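This report refers to the structure that appears directly beneath it.
The values are calculated or read from the model by the stated rules, or taken from the named source; none is laboratory data. This one's a predicted model, so the numbers in the text were calculated from it and none came from an experiment. Here the Cβ is made from the backbone with ideal geometry for all residues, glycine too, and neighbour counts use every protein chain on show. Ligands, DNA and RNA are stripped out before the accessible areas are found, and what is left, the full protein with its side chains, is counted by its heavy atoms. Shrake-Rupley method; radii C 1.70, N 1.55, O 1.52, S 1.80 Å.
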Amino acid sequence: MGRRLRWAALGVGIVVLVLLALPIVSVLQPDYYRRYPALGQRMDHWATSTHSRISCIECHVEPGVGGFLAFAARAVPAFYLQLAQGPNDTNLLKAPSRNACRKCHTGYRTVPPGGDLLIPHRAHVEVLGMECVACHKDLVH
């Protein structure tokens, strides 16, 4: 392979890498979603929650290479589509899985901070196999 051809291939590779990385990094930023009319209020709520100290990827992208690649496969085309058509109501971030919640919430609370209700979290999660967002959908956002 000639020297020019190698430099051209390297240049094309860098351009492709940037064109793939830019959307992925962008859609993992909270401010990206403020442009979406249906998500702005949810992002405001998130900003005042204790979860605002946690990056989007920690909760909304499944762990491992497969989870990241699945996210990237949705993010790249959606990013460029919204550039062409403008923001729509599409939320690229899936609801957090039970495993994502369990990364930080390691214990099963039975009494809420107010102390007025007994909640059998262990039974809901381990016995019934429920996802945390079934009850806590609007807790963070």
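Structure summary
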read-out	value
Restricting segment 56-66 to residues that are open to solvent by 40 Å² or more (accessible area, probe 1.4 Å) and part of a helix (DSSP H, G or I), the residue that is nearest to GLU131 (Cα to Cα)	GLU58
Count of residues meeting criterion [surrounded by fewer than 11 Cβ atoms within 10 Å (Cβ to Cβ) and part of a helix (DSSP H, G or I)] in segment 115-141	1
Of all residues in segment 32-51 being without any contact (Cβ under 8 Å) to a residue 12 or more places away in the chain and assigned to a helix (DSSP H, G or I), the one that is nearest to ALA100 (Cα to Cα)	THR50
Qualifying residue in segment 83-90 (condition: out of contact with any His (no Cβ under 9 Å at 6 or more places or on another chain), over 19 Å from ASP138 (Cα atoms), assigned to a loop (DSSP other than H, G, I, E, B) and open to solvent by 40 Å² or more (accessible area, probe 1.4 Å))	yes
Qualifying residues in segment 72-108 (those that are over 30 Å from VAL127 (Cβ atoms) and among the β-branched types (Val, Ile, Thr)) - the one modelled with the highest pLDDT	VAL76
Every residue from segment 2-25 that is open to solvent by 50 Å² or more (accessible area, probe 1.4 Å) and β-branched (Val, Ile, Thr)	VAL12, ILE14, VAL15, VAL16, VAL18, VAL25
Qualifying residue in segment 67-76 (condition: assigned to a loop (DSSP other than H, G, I, E, B) and in contact with a helix residue (DSSP H, G or I) (Cβ under 9 Å, 6 or more places away or on another chain))	no
